[in-house]
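The values are calculated or read from the model by the stated rules, or taken from the named source; none is laboratory data. As the structure is a prediction and not an experimental result, all values here were calculated from the model. Glycine gets a Cβ as well: all are built from the backbone with ideal geometry, and neighbour counts include every protein chain shown. Accessible surface is based on the protein model in full, side chains and every heavy atom, while ligands, DNA and RNA are left aside. Shrake-Rupley method; radii C 1.70, N 1.55, O 1.52, S 1.80 Å.
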Amino acid sequence: MTATERGTRLADQSADAGTMLAWFRRMRESEPVSHDGEAGVWHVFRHSDVERILADPGTFSSDFSSFMPAQEDVDRFIKGNLLRKDPPQHRKLRTLVSKAFTPGVVARLAPRIEAITDELLDAKAGAEEIELVSDLASPLPVTVIAELLGIPAEDRPMFGRWADSLVAPESQTSFIPNEERTKSMAIVMREMNAYCLEHIRGRRARPREDLVSELVAAEVDGQRLDDDEIIGFVGLLLLAGHITTTALLTNVVLCLDEYPEVAAALRADTAGLPGAMEEVLRFRTPLAPSMRRTTRDVRVGELTVPAGQIVLAWLASANRDERRFPAPDSFDIRRAPNPHLSLGHGIHFCLGAPLARLEVRIALEKMLGRWSEMSVGEGVEYHDARGIVGAKRLPLQLQWT
């Protein structure tokens, strides 16, 4: 089977994590840079090449507007989306947003994250089984982000619905933007944009102690964010903060179930949780590919990728590269260094990484403290591993302390 045939098969069918890892291993050895003419993309698999792509926004652009049909709702949503901006627009947006999203802001959220986690777990007190995603892993980050933005409690289910729609499997694995996909996304974005715009205008008129009010007031060198730029950042925070945190928490639990000796060690001493979380990020990379567009002809590995091509930098493959990680298929929570690329690299390194890490660490501390045993039950459902690696349904059998 040729690389093109393999790429087409993965583009046309759902894939599980095992299938993807086997494919990555073959391709790192035989075709570390591969052109899939039918799918219209270039695949890149080795850590050094993926890291280089993420570090060079001048050559590997994050702006895909030239591929997308003009659509007012999508254009408005994307205007403030840091992930889809190149310098100098990216620098302006990130500088302004960073002023209102500092480590101090994140640290001050810890008591509230603890309280939200306790509330969610209290609702299931004494239960012999829970469904981790719907009971904790999804509502925790959605609630935290909604509170951070000043979204009323009664509107939070709407945000969860928007997030689920925009991170559906087809939106993660259809790599080439097209008119049909743009139209389907626009329907959700229109509703979301209208809600966010009303909320932003309300904070301009009557600021409160929330992140939207801080974004409205943020200023660097006389520059401020306009309403559409804030809409884009709010949307990014909702989507990226929701899916990455949810996937990371499910992936930690799946790894602890697979490696019970690690679970026992962490239950005895939760000080090892940060290292364990970093190894889970490497071992089960939440977002498998990162997509870029070439701005010029460029040599990657042994091949020249022409200008104007879509490149899929496979983070999940780079994180298992034998050339960068000793025993890459071993799960080692004491691995150091651990230069995984799961949270990005370079100018697009995840702005919300401290918040995701804090949420997951607190949730795990609470879970390990409350449950003497937790084991994965029957009926686990996974995301399509071509896009998101993690469980979308994760039953847990529990024994309470």
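For a quick check: with amide H placed at 1.01 Å from N, whose amide H comes under 5 Å from residue 389's, ignoring anything fewer than 5 positions away on the same chain?
287, 288
Of the heavy-atom accessible surface of the chain (probe 1.4 angstrom), what whole percent is carbon and sulfur? Write down the numbers at each step before the final one.
Working: 8610 of 16980 Å².
Answer for the chain is 51 percent, counting heavy atoms of protein chains only.
Evaluate the relative contact order of the chain (contact order divided by residue number), counting alpha-carbon pairs under 8 angstrom at least 6 apart; express in whole percent.
Numbers: 608 pairs, mean separation 110.1, N = 401.
Reported as a whole number, the value is 27 percent.
Taking amide H atoms as placed 1.01 Å from N in the peptide plane, list the residues 5 or more away in sequence, or in a different chain, whose amide H sits under 5 Å from that of residue 311.
Excluding prolines and chain starts, which carry no amide H, the hits are 42, 292, 293, 294.
Using a simple spin-label model with points 7 Å from Cα along the Cα→Cβ vector, what separation in nm is obtained for residue 261 and residue 297?
About 5.4 nm, to one decimal.
What's the longest bit of the chain with no exposed trypsin sites (Lys or Arg not before Pro), using DSSP loop states and at most 14 other Cβ atoms within 10 Å as the test?
Working: sites that count: 208, 224, 296, 323, 334.
By the stated rule (loop sites, at most 14 other Cβ atoms within 10 Å), 1-207.
Would you work out if region 208-336 is rounded, prolate or oblate? Take a ≥ b ≥ c from the square roots of the eigenvalues of the alpha-carbon gyration tensor; rounded if a/c is under 1.5, else prolate when a/b is larger than b/c, oblate otherwise. Write out the running numbers ahead of the final one.
Values: a/c = 2.81, a/b = 1.21, b/c = 2.32.
Oblate, since a/c reaches 1.5 and b/c is not below a/b.
For region 239-282, list residues with backbone N below 18 Å from a point placed 7 Å from the Cα of residue 399 toward its Cβ?
Taking a point 7 Å out along Cα→Cβ of residue 399, the residues of region 239-282 whose backbone N falls under 18 Å are 256-269.
Taking square-rooted eigenvalues a ≥ b ≥ c of the alpha carbon gyration tensor, is region 118-259 rounded, prolate or oblate, where a/c under 1.5 means rounded and, failing that, a/b exceeding b/c means prolate? Let's see the in-between values first.
Details: a/c = 2.12, a/b = 1.38, b/c = 1.54.
It comes out oblate by the Cα gyration axes.
Can you tell me which of 131, 147, 72 moves the most in a GNM of the chain? Springs connect C-alpha atoms under 10 Å apart.
Residue with maximal mean-square fluctuation among 131, 147, 72: 72.
At a threshold of 8 angstrom on Cα-Cα distance, excluding pairs fewer than six apart, so keeping six or more, what relative contact order does region 267-349 reach in percent? Walk me through the numbers before you get to the answer.
Numbers: 102 pairs, mean separation 29.4, N = 83.
Relative contact order for region 267-349 comes out at 35 percent.
Based on C-alpha coordinates, I'd like the Rg and Dmax of region 28-87, in Å.
In Å, with Rg to one decimal and Dmax whole: 14.5, 44.
If R0 is 60 Å, what FRET efficiency do you get for residue 67 and residue 270 from their C-beta distance, rounded to 0.05? Write down the numbers at each step before the final one.
Details: r = 45 Å, r/R0 = 0.76.
Given R0 = 60 Å and the Cβ-Cβ separation, E is 0.85.
Contour minus end-to-end for residue 180 and residue 373, with contour as 0.36 nm per residue of separation and end-to-end as the Cα-Cα distance?
64.8 nm
Over region 112-172, what portion of Cα pair distances is larger than 17 Å, expressed as a whole percent?
The proportion of pairs with Cα distances above 17 Å equals 46 percent.
With a 1.4 Å probe and all protein chains left in place, how much accessible area per residue does region 38-159 have, in Å²? Numbers along the way, then the final one.
Working: 5200 Å² over 122 residues.
Here the residues of region 38-159 average 43 Å² of exposed surface.
Using Cα springs under 10 Å in a Gaussian network model of the chain, which residue among 138, 342, 375 shows the largest mean-square fluctuation?
375
Calculated FRET efficiency, residue 122 and residue 197, Cβ-Cβ r, R0 51 Å, to nearest 0.05?
On the way: r = 36 Å, r/R0 = 0.70.
Once rounded, the FRET efficiency stands at 0.90.
Taking Cα pairs under 8 Å and at least six residues apart, what relative contact order does region 26-153 come out at, in percent? All intermediate terms of the calculation are to be shown ahead of the outcome.
Working: 59 pairs, mean separation 15.1, N = 128.
Reported as a whole number, the value is 12 percent.
Show me, for region 66-76, the HN-Hα J-couplings you get by feeding each phi into the Karplus relation (A = 6.51, B = -1.76, C = 1.60, θ = phi - 60°), rounded to Hz, glycine and proline as x.
Along region 66-76, the couplings run 5, 8, 9, x, 4, 8, 4, 5, 5, 4, 5 Hz.
When the chain is fully extended, how far beyond the present Cα-Cα distance does residue 92 get from residue 105, taking 0.36 nm per residue of separation?
Values: separation 13, 0.36 × 13 = 4.68 nm, distance 2.02 nm.
Additional length available on full extension: 2.7 nm.
Per-residue HN-Hα couplings for region 388-396, Karplus 6.51 cos²θ - 1.76 cosθ + 1.60 at θ = phi - 60°, whole Hz, x for Gly and Pro?
With coefficients 6.51, -1.76 and 1.60, one gets 10, 9, x, 8, 9, 8, 9, x, 10 Hz.
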